[in-house]
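Below is one structure, written out as C-alpha cells; comments come after it.
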Amino acid sequence: EPEVTQTPSHQVTQMGQEVILRCVPISNHLYFYWYRQILGQKVEFLVSFYNNEISEKSEIFDDQFSVERPDGSNFTLKIRSTKLEDSAMYFCASVTGGRYEQYFGPGTRLTVT
Amino acid sequence: AQSVAQPEDQVNVAEGNPLTVKCTYSVSGNPYLFWYVQYPNRGLQFLLKYITGDNLVKGSYGFEAEFNKSQTSFHLKKPSALVSDSALYFCAVRDISGTYKYIFGTGTRLKVLA
C-alpha cells in the first residue's frame, strides 16, 4: 500500500539555523499539508498546498516558514531561522482528489537547542 | 468558523467493554467528519469518515461512528475494547470554504485496561 514518507526522522539543530523537512506524498495525491504536534498534544495546522500554491496558512506559518514542491514528488517545509519553540513533531499529509481522508507520514522530530 | 471539540482528555475502559470517544462539531453547511488514531511515536492513521449517507459509518479495526445532525456530534464507538486500542484519538472536520483545510480536535487519550 502506498504511503507518505518523511525524512529525516529526527533533526537536531541550533537556534537560528535553517532546516528543511522533506516529505514524499502518495504519488496521485493532489493536496498537501504540514502540521506540527508538540509533546504528543494537539495537532496544529500549518499550511495547505494545492496546484503548486499555498491555499491556506495558519498564524503559526509566518515569514520564517516556506513550502515548496520542487520536482513534482517532494514536498518540503523550510524554517529559515529556527527558534526553541519550533521544537515539535512535524507531519506531512496528502489527500487524493474526491476522497477527503488524509494520509499522514510518520513525522520528523525537530529539536532546536 | 468550523471547529470540533473533544470534551474528554482521557477515557478509561476495561477490556471487553464498549467504548465511546466523544466529538462535537460546529460547521456551516454539511460537515465532512473524520476520526484518526495515533499510536506512540507514529503519524495519524485514518479510521473512518462521514461525508454523506448512512449516519452510522464503519471503519478500520472494528470502529464505527454515529453522525448525529441534531446534536452536532460524531462519537467514535467500538462494541468491545482491546488493550491494543489504547492510543490518542483525534476528530477532525474539513473546512468547506474552499481552502482544503482540516481542523482537528484536541485529542482524547484512550486507555483500555486489561
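What follows draws every value from the coordinates through simple rules; no lab data is involved. Just so it is clear, the model here is predicted, and its values are computed rather than measured. So basically every Cβ, Gly included, is an ideal-geometry build from the backbone, and we count neighbours across all protein chains shown.
Some observations on this one:
- Scan of segment B:77-112 for residues that are of a type in the set (Ser, Thr, Tyr) and either under 18 Å from B:Gln45 (Cα atoms) or within 14 Å of chain A (Cβ to nearest Cβ) (or both), ordered by number: B:Ser84, B:Ser86, B:Tyr89, B:Ser97, B:Thr99, B:Tyr100, B:Tyr102, B:Thr106, B:Thr108
- Matching residues in segment A:27-43 - criterion: being surrounded by 18 or more Cβ atoms within 10 Å (Cβ to Cβ) and under 14 Å from the mean Cα position of the chain (by Cα): A:Tyr31, A:Phe32, A:Tyr33, A:Trp34, A:Tyr35, A:Arg36, A:Gln37, A:Val43
- Unmet requirement for A:Arg22, which otherwise passes all of (1) away from chain B (no Cβ under 11 Å); (2) part of a loop (DSSP other than H, G, I, E, B): (2)
- Meets criteria (touching a residue at least 60 places away in the same chain (Cβ under 8 Å) and under 24 Å from B:Gln38 (Cβ atoms)) for A:Val112: yes
- Listed by position, the strands (runs of 3 or more DSSP E) contained in segment A:35-113 that have at least 2 residues being of a type in the set (Phe, Trp, Tyr) are A:43-50, A:88-95.
- In the set A:Phe91, A:Phe45, A:Phe61, only one residue is touching a residue at least 40 places away in the same chain (Cβ under 8 Å) and out of contact with any Asp or Glu (no Cβ under 7 Å at 6 or more places or on another chain); that residue is A:Phe91.
- Looking only at residues of segment A:61-82 that are farther than 26 Å from A:Gly97 by Cβ and surrounded by fewer than 16 Cβ atoms within 10 Å (Cβ to Cβ), we find that the one that is nearest to the other protein chains (Cβ to nearest Cβ) is A:Asp62.
- For B:Lys22: the one exception among (1) closer than 30 Å to A:Arg109 by Cα; (2) free of Cβ contacts under 8 Å to residues at least 60 places away in the same chain; (3) touching a His at 6+ places or on another chain (Cβ under 6 Å); (4) not aromatic (Phe, Trp, Tyr): (2)
- If you go through segment B:54-101 and pick out every residue that is within 14 Å of B:Asn30 (Cα to Cα), over 12 Å from the mean Cα position of the chain (by Cα) and not in a loop (DSSP other than H, G, I, E, B), you end up with 2.
- Close pairs from segment B:49-77: first within 15 Å of B:Val21 (Cβ to Cβ) and without any contact (Cβ under 8 Å) to a residue 12 or more places away in the chain, partner among the polar types (S, T, N, Q) and surrounded by 17 or more Cβ atoms within 10 Å (Cβ to Cβ), Cβ under 8 Å, at least 6 apart: B:Glu66/B:Ser73
- Residue within segment B:57-76 that is away from chain A (no Cβ under 11 Å), exposed (fewer than 15 other Cβ atoms within 10 Å of the Cβ) and β-branched (Val, Ile, Thr) present: no
- Looking only at residues of segment B:32-53 that are closer than 18 Å to A:Tyr90 by Cβ and within 10 Å of another protein chain (Cβ to nearest Cβ), we find that the one that is surrounded by the fewest Cβ atoms within 10 Å (Cβ to Cβ) is B:Pro40.
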